[in-house]
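A quick write-up on the structure given underneath.
The values are calculated or read from the model by the stated rules, or taken from the named source; none is laboratory data. From a predicted model like this one, the values you see are computed outputs, not experimental measurements. Please note: Cβ atoms are built from the backbone with ideal geometry, for glycine as well, and neighbour counts cover all protein chains shown.
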Amino acid sequence: MPSKVENWKDEVYGNEIRDHLMEFAEQGWEAIPDDEQDAWFERFKWWGLYHQRSGQESYFMMRIGTPNGVIEPGQLEVIGEVAKEYAQGPAENPEFGDAYCDWTTRQSIQLHWIKLEDIPEIFERLESVGLSTQQACGDSWRNIVGCPVAGKDKHEHVDAWPVAQELNETFKGNDDYANLPRKWKVAITGCDEGCGQGDINDLAFEPAEKGGELGFNVRVGGGLSRKEPRLARSLDVWVPPEQAADVAHGMSALFREYGDREDRFNARIKFLVDEWGTEKMRSVLQEEFVDFELPTAGEDMRDQYTYNTGTQAGHNDHVGVTEQPDGNYYVGLNVLVGRMGADDTLELAELADEYGSGEVRLTQRQNVIVTDIAEEDLDEFLAEPLLEDYSPDPSPFMRGSIACTGTEFCSLSIVETKNRQVRYARWLRDNVDLPADHDEFHIHLSGCTASCAQPQIADVSLRGMKTRKDGEPVEALDIGLGGGLGDDPRFADWVAMRVPADEVPGAIKNLVENFKELREERAVPEGQRGRDGEAVERETFRDFVEARDEETLADLVEPEETDYEDPYMHNTKMTWYPYAEDDDMGASPAPTDGQGQPLASDD
Amino acid sequence: MTTDVHQLDDGAWISVNDAREVNVSDLWLLARSDFCGCETTDFLAEGFVEVGVDHPDIQARIAGQCIACGASGVTDWLTVGRVVDPDVGEFYGVVPESVHFPAKRTRLARPEE
């Protein structure tokens, strides 16, 4: 029997939702009949709108999809203006103020506290500069991710940006693929650093050579959610850039026809790959969904991948100053937990305009990149005051921090995340010294098993939990270690469970101290020495974890209280807003009308 | 009027008669349960896996874990609230921290169509 959501989708879904949305917006929040709210909230996702959690009724999160994270000249200013004008709620966030933008792990943008009544004006503003919320959530092609410096990187073999644009134009608003069994996440990368993170996507195109021609190998079925993480598996297919869209058509049609519409928990294609195996999936794709002979996989470049690998070499992330092939530079700026105030966003837009081409790009590590800066302007740009807060050379704990939305707005999350990770990162910066050869240390905090902060692929993985401390329930985190991507990707080992949130910084400090003390050295044979010619190599953190069993690692994580203070230990989910002066659910002003004034309760 | 129950947003909510009533992240105290070896299970609800009606009870199987021993899995059927009068449709939630007795299901989760 099709799920309830499938029945709603059968009635109204895809592009047609917009007319209804506009009508509701015109009439106001109360125009949505109570007994139709569930159905409409599910449908609104397709247009990038996600109803916020309990206590915040009538407010929405709005996601704007920016393919490959590319924010074109002129767009960032509008994003900042929309955030400042419309993304302000009834209470302020103590770290980020009253209006801000979130840069997400899928190179998109999220705004909060959006009122239904404002949506037509917001859409008009966004669309006037070519931005859209279409399919940013919901069961269809989501924002396409990839190397954020596609077309501007010396490590690139195929410029994947035109291909990403083609896929976006082909599949956004395309009725044939508007109603899939579940979300459909696609990555396409042309560089040899692996920064598209194809391994954790439903469909991935990765650079590969075949017969002297550059194109993409195809992988399917990656994803991290629900304690069921999977790495994408090779389909043994190579495709030239001009046929990538044909294979994408085929694979998403295969998912549309064969994906599970009865059980949403089993609907993602990773489960179909589990069930069928890649050989059957390839043959069904070949026989039923493409009309040309699929070449077998070419020679990939995975052994050169550095992105989020813990290798302490190559990119790992895009923070810092890098020369482009055209002699200009791109500068990656660290945005702690991906959240930037609206005023800062507007200032960044001005700087990008003044020093670069006006273009800004978003990375999957929640950071921003300003591109196209001429060498002679570089020093002046780097001296801009905004870069004191968004540094191109931050502490490893600041640059390595990723956090999801958390209980601030999300119904699924179990714990507070963004503000907590901000406090963790600052405390770790001030209290913990990494070894001198580690300028990368990734800590990903996800509020629940949905894994929006990609916790399983971090050096230190944190996942929302609860425990009791002195008999009282408190917010806690599971701690995992040693995850990362690269040629040999691996998910974190979960070694310390239900650690009270105020003991996590102490646990990380002790872990780092133990790592420094116990990491091993090895002599590097002469032929294998790197460019630095070092004769002795010491274990990286990731290698250190990989070489030890879970029990040993558990002993190295010693949770303890320190002078770190955590203001969010109580059950933040039970508040209407965790940072409000009176955070009691009963004190919520929601739902409100188009002016933000509380509406009378039905009771 | 029949009582309409479903889970929403990847199992974050149980919706009863199209109102979001029960959310994840509460602690539920389970007794006489074979979920884990603890005398009572201090159970963190992480996601609603199945929902159903056994009039007047609204029931669910919940994915989560015992925060005392760490055992994780899916509970048997738990009563999360009641709709006493289906014609009125009003939902009365149980208090998660009080003691609950998960049960194997003996009747259908949904009435036969």
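Remarks
- The listed residues are A:536, A:504, A:524, and the only one of them that is touching a strand residue (DSSP E or B) at 6+ places or on another chain (Cβ under 7 Å), within 22 Å of residue A:478 (Cα to Cα) and aliphatic (A, V, I, L, M) turns out to be A:504.
- Test: residue in the stretch B:64-82 that is closer than 30 Å to residue A:498 by Cα, aromatic (Phe, Trp, Tyr) and buried (at least 19 other Cβ atoms within 10 Å of the Cβ): yes
- Scanning the stretch A:456-468 for residues that are more than 8 Å from every other protein chain (Cβ to nearest Cβ) and free of Cβ contacts under 8 Å to residues at least 40 places away in the same chain returns A:461, A:463.
Quick grid of which residues meet (1) among the aromatic types (Phe, Trp, Tyr); (2) within 14 Å of chain B (Cβ to nearest Cβ); (3) under 28 Å from the mean Cα position of the chain (by Cα):
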| site | (1), (2), (3) |
| --- | --- |
| A:471 | no, yes, no |
| A:499 | no, yes, yes |
| A:507 | no, no, yes |
| A:515 | yes, no, no |
| A:521 | no, no, no |
| A:536 | no, no, no |
| A:550 | no, yes, yes |
| A:562 | no, no, no |
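- Every test in (1) touching an Asp or Glu at 6+ places or on another chain (Cβ under 9 Å); (2) within 24 Å of residue B:67 (Cα to Cα); (3) not aliphatic (A, V, I, L, M) is passed by residue A:471 save one, and that test is (1).
- Answer residue from the stretch B:49-91, given it is of a type outside the set (D, E, K, R), touching a Lys or Arg at 6+ places or on another chain (Cβ under 7 Å) and away from every other protein chain (no Cβ under 14 Å) and is farthest from residue A:265 (Cα to Cα) among those: B:56
- Taking each residue of the stretch A:415-436 that is assigned by TED's automatic domain parsing to the domain that holds residue A:561 and looking for partners that are of a type in the set (Ser, Thr, Tyr) with beta-carbon atoms closer than 6 Å, six or more apart or interchain, yields A:416/A:407; A:416/A:568; A:416/A:572; A:420/A:568; A:421/A:401; A:425/A:401; A:427/A:564; A:429/A:395.
- Strands (runs of 3 or more DSSP E) wholly inside the stretch A:149-246 containing at least 1 residues that are of a type in the set (Val, Ile, Thr), in contact (Cβ under 8 Å) with a residue 40 or more places away in the chain and away from every other protein chain (no Cβ under 14 Å): A:186-188, A:213-220, A:233-239
So that you can scan it fast, the table gives a plain yes or no per residue for (1) surrounded by fewer than 18 Cβ atoms within 10 Å (Cβ to Cβ); (2) modelled with pLDDT of 95 or more:
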{"site": "A:13", "(1), (2)": "no, yes"}
{"site": "A:20", "(1), (2)": "yes, yes"}
{"site": "A:25", "(1), (2)": "no, yes"}
{"site": "A:34", "(1), (2)": "yes, no"}
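- Taken over the stretch A:448-505, residues that are over 15 Å from residue A:415 (Cα atoms) and of a type in the set (A, V, I, L, M, F, W, C) amount to 10.
- The one condition from (1) touching a Lys or Arg at 6+ places or on another chain (Cβ under 6 Å); (2) closer than 29 Å to residue A:212 by Cβ; (3) surrounded by 21 or more Cβ atoms within 10 Å (Cβ to Cβ) that residue A:325 does not meet is (3).
- Top-ranked residue in the stretch A:575-588 [being crowded, with 20+ Cβ neighbours inside 10 Å and of a type outside the set (Ser, Thr, Tyr); ranked as nearest to residue A:500 (Cα to Cα)]: A:578
- Residue among A:3, A:54 that alone is modelled with pLDDT under 95 and more than 23 Å from residue A:179 (Cβ to Cβ): A:54
- Neighbours by Cβ (under 8 Å, 6+ apart or cross-chain): first from the stretch B:23-48, free of Cβ contacts under 8 Å to residues at least 60 places away in the same chain and more than 14 Å from chain A (Cβ to nearest Cβ); second among the small types (Gly, Ala, Ser) and part of a loop (DSSP other than H, G, I, E, B): B:37/B:71
- Hits in the stretch A:575-598 (condition: not β-branched (Val, Ile, Thr) and not in a loop (DSSP other than H, G, I, E, B)): A:584, A:585, A:586, A:587, A:598
- Considering the stretch A:83-107, the residues that are surrounded by fewer than 20 Cβ atoms within 10 Å (Cβ to Cβ) and acidic (Asp, Glu) include one that is farthest from residue A:424 (Cα to Cα), namely A:85.
- From the options A:252, A:283, residue that is part of a helix (DSSP H, G or I) and touching a helix residue (DSSP H, G or I) at 6+ places or on another chain (Cβ under 6 Å): A:252
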